[in-house]
Amino acid sequence: MQSVRYKLVEFFLIFIILPISFTIDYPFLIKVAVTAIGFGYVIYVLLKIEGNQFKIAPNLKWKSFFKHIFIKLTIIAFFTILYIWFTNKADLFHVLYQKPKLWVVILFLYATFSVYPQELIYRTLYFQRYEMLFKSKSLFIFVNAILFSLAHLFYKNPLVLLITFLGGILFALTYDKTKSTLLVSIEHTIYGCWLFTVGMGNMLGFPS
C-alpha cells in the first residue's frame, strides 16, 4: 500500500473519480454508501498504514494561529458582506436574525460532521500520503486546492468552486505550517460558519 503505483491509483479514485461520480444522477443511498466506504478506507489508512493516533499535538501556537485567523476573517467578512449587499441584500444575516436556533444547530452539525471529515481527507491524508508524488511544494498545494474545489463540483456553481479553491489554498497553507488537523478544522469551521451566517448558505447546501 506504500508503492507509488498503489498511491497513484488510490489518489485517482479518492480525489477524482469519487467527487466526479457525485455529479452523476444515481440513487442517493448508493452515494451515501460509497461515501461511507471511502471514508472508512481513509480512516483505516490513516490509523493502520500512516500510524496516526488522533490526539491533540502539544505546543500548538494558539495565539499566533488565532491572530492570523482574525486577519483573514476580517478580509473575508469585508468582501462577503459587500457581495451579499449588492447581489441579494435580503439574505444578509437572514438566518442569524430570523432563525437563530437553526443557525446554532447547523453550525454544530457542520463543524462536527462535515468539516472534520473533509480535513482528514483533504489535508491529513493528502499531505501524509501524496507529498512524495510532487517535486514542487507550490504545485502540491495548488493541486490540493483544485481537488478540494472539485469535491464541491456537485453544487454546479462556479462561485462555489472559486470559494472552495481559495479556501483550499488557505487550509493547505495552514496544515503545511502547523501539521495539525485540529487547527485547520477550526479555521475551516470559522470560515464556513461565517459564509452561512452572512447569507451565502443556500449555494453551499445549508438549509435556510
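Read-outs: derived from the displayed coordinates by stated rules, not from any lab. Nothing here was measured: the structure is a model prediction, and the numbers come from that model. Cβ sites come from the backbone with ideal geometry, for glycine too, and all protein chains shown count toward neighbours.
At 7 Å along the Cα-to-beta-carbon direction for both ARG5 and LYS61, put a label point, then send me their distance in nm to one decimal.
Between ARG5 and LYS61, the label points sit 4.3 nm apart.
Stretch VAL34-PHE108 to full length: gain in nm at 0.36 nm per residue minus the Cα-Cα span?
Net length gain for the segment: 24.2 nm.
Under a 10 Å cutoff between Cα atoms, tell me which one of TYR97, TYR122, TYR110 has the largest fluctuation in the Gaussian network model of the chain.
Comparing TYR97, TYR122, TYR110 in a Gaussian network model of the chain, the most mobile one is TYR97.
What's the whole-number percent of alpha carbon pairs in the chain lying beyond 21 angstrom?
Here the long-distance tail beyond 21 Å is 57 percent of all Cα pairs in the chain.
Evaluate the distance, in nm, between pseudo-label points positioned 7 Å from the Cα of ILE81 and of LEU153 along their respective Cα→Cβ axes.
In this crude spin-label approximation the distance works out to 3.6 nm.
Could you pull the Cα extents of the range 21-126 along its three principal axes, largest to smallest, in whole Å?
Between the extreme Cα coordinates on each principal axis of the range 21-126 lie 48, 46, 25 Å.
Which residue, LEU73, PHE154, TYR44, has the largest displacement toward the positive end of the dipole of the chain when charges sit on each Cβ (Lys, Arg +1; Asp, Glu -1)?
LEU73
Send over the semi-axes of the range 25-69's equivalent ellipsoid, whole angstrom and largest first, taken as the square roots of 5 times the C-alpha gyration tensor eigenvalues.
Rounded to whole Å, the semi-axes are 33, 18, 6.
Pop the C-beta distance of LEU173 and ASN52 into the FRET formula with R0 = 22 Å and round what comes out to the nearest 0.05.
Step by step, r from the Cβ atoms, then E = 0.60.
For n ≥ 4 DSSP H runs only, could you compute -39500 (n - 2.57) per run for the chain, divide by its residues and tell me the 222 nm figure to the nearest 500?
About -19500 deg cm²/dmol.
Which order do the peptides 22-33, 188-199 come out in when sorted by mean C-beta neighbours inside 10 angstrom, highest first?
Answer by packing, highest mean first, reads 188-199, 22-33.
Please check: in the Gaussian network model of the chain (C-alpha springs, under 10 Å), which one of ASN52, ASN88, ASN157 has the largest mean-square fluctuation.
ASN88
Kirkwood-based Rg over Rh for the range 105-159 (C-alpha set), two decimals? Could the numbers behind the result be given before it?
On the way: Rg = 13.3 Å, Rh = 12.6 Å.
Here Rg/Rh amounts to 1.06.
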